[in-house]
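Chemist: Below you will find the structure I want to go over with you.
The values are calculated or read from the model by the stated rules, or taken from the named source; none is laboratory data. None of the values given here were measured: they were computed from a predicted structure. Cβ atoms come from the backbone with ideal geometry, glycine included; neighbour counts cover every protein chain shown. For the accessible areas, the whole protein counts, side chains as well, though only heavy atoms, and no ligand, DNA or RNA atoms are used. Shrake-Rupley method; radii C 1.70, N 1.55, O 1.52, S 1.80 Å.
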Amino acid sequence: MLKFLHRRNRAEDESGPVDVEADAAARAEEFWRRWDDLLPEVSAALGDSVPHRVDHQLAELAAAVHPNLTISIERGETAVYALVMTSQADPELRPYTDAWIAAAPAADSLFEYHDSIPPVPDPTEVTVNLRGEKYALADVRVAPQVDEAEGLVDVAVYHPGFAALEGEARAALTFLPLDATLGERLAADRIGRVETADNEPQGAIGLLEFRDLVRALDNGGAGEEEPGESGEQA
């Protein structure tokens, strides 16, 4: 996707190349050991409704795995909370997030674990704030072009609020619905070119129907652009 930046892997530093997978596995094991030690403090901060109290400690844990990883505590899907460690779709960092999730403990009622930002259950229920105004993602329409040979979907994204936005705000309202709908990893793997449409493109569909299309492509389906009922509810 256009918004993702690719960073140099720190494994290729002045000391020469190292075994990235082995390095990542060792760092992941150390993370989870330190997480066990920190968990009582994290639980206390969450119980006091001041999760920011442990931001610094969590950032240090993430940086010890790789300095370009991002960590956050989000609302869980099945557990109360989700601990999310993300590479922000940088493929050079994936060995570290892969090792991290592989070494993660089993989810329980309090915490589940994700190595990328998961999709929102229903993006059409999400409203975002930009420049002091609210924009409902239910109003987003997406015109997909599927390249089955490459396994990618090029998209033109339209929102009626684009007329009042420009620059970074318009870009945010273009990319955010895709991330919310697909989740970070699927969006990075399957979305190709992204364009902002000034007018609703012909054949545009809603976010839920778009998610079905991309997931079908990811699962080896035909990925055809046939309208479905789910998108008509957006």
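Chemist: In region 108-125, how many residues are among the β-branched types (V, I, T) and within 16 Å of the chain's Cα centre (by Cα)? Spell out how you get there, then give the answer.
Modeler: Within region 108-125, the first condition is being among the β-branched types (V, I, T), and the residues that meet it are 117, 120, 124.
Imposing the further condition that a residue be within 16 Å of the chain's Cα centre (by Cα) reduces the set to 117, 120.
Going through region 108-125 one residue at a time, the tally reaches 2.
Chemist: Let me ask something additional. Mind telling me which of the residues P105, P144 ends up being at pLDDT 90 or above, over 16 Å from the mean Cα position of the chain (by Cα) and surrounded by fewer than 19 Cβ atoms within 10 Å (Cβ to Cβ)?
Modeler: Working: P144 fails: surrounded by fewer than 19 Cβ atoms within 10 Å (Cβ to Cβ).
Exactly one of P105, P144 is at pLDDT 90 or above, over 16 Å from the mean Cα position of the chain (by Cα) and surrounded by fewer than 19 Cβ atoms within 10 Å (Cβ to Cβ), namely P105.
Chemist: Moving to a separate point now. So, E168, is that one over 20 Å from D122 (Cβ atoms), open to solvent by 40 Å² or more (accessible area, probe 1.4 Å), free of Cβ contacts under 8 Å to residues at least 12 places away in the same chain and within 21 Å of the chain's Cα centre (by Cα) or not?
Modeler: Working: over 20 Å from D122 (Cβ atoms): yes; open to solvent by 40 Å² or more (accessible area, probe 1.4 Å): yes; free of Cβ contacts under 8 Å to residues at least 12 places away in the same chain: yes; within 21 Å of the chain's Cα centre (by Cα): yes.
Here the answer is yes, as E168 does meet what is asked.
Chemist: For residues that are part of a strand (DSSP E or B) and over 12 Å from L176 (Cβ atoms), scanning just region 118-135, find the one that is least open to solvent (accessible area, probe 1.4 Å). Walk me through it before giving the result.
Modeler: We begin by selecting, within region 118-135, every residue part of a strand (DSSP E or B); these are 127-130, 133-135.
From the residues that got through so far, the ones that are over 12 Å from L176 (Cβ atoms) too are 133-134.
Values: E133: 107, K134: 153 Å².
This residue is E133.
Chemist: Ok, one more. Any chance region 50-71 includes a residue that's closer than 18 Å to E30 by Cβ, open to solvent by 60 Å² or more (accessible area, probe 1.4 Å) and either of a type in the set (G, A, S) or in contact (Cβ under 8 Å) with a residue 40 or more places away in the chain (or both)?
Modeler: Within region 50-71, one or more residues are closer than 18 Å to E30 by Cβ, open to solvent by 60 Å² or more (accessible area, probe 1.4 Å) and either of a type in the set (G, A, S) or in contact (Cβ under 8 Å) with a residue 40 or more places away in the chain (or both).
Chemist: Somewhere in region 173-184, is a residue within 19 Å of D90 (Cα to Cα) and in contact with a Ser or Thr (Cβ under 6 Å, 6 or more places away or on another chain)?
Modeler: Scanning region 173-184 turns up at least one residue that is within 19 Å of D90 (Cα to Cα) and in contact with a Ser or Thr (Cβ under 6 Å, 6 or more places away or on another chain).
Chemist: Can you tell me which of G228, G223 is at pLDDT below 90, buried (at least 16 other Cβ atoms within 10 Å of the Cβ), over 20 Å from V126 (Cα atoms) and out of contact with any His (no Cβ under 9 Å at 6 or more places or on another chain)?
Modeler: On inspection, the qualifying residue turns out to be G223.
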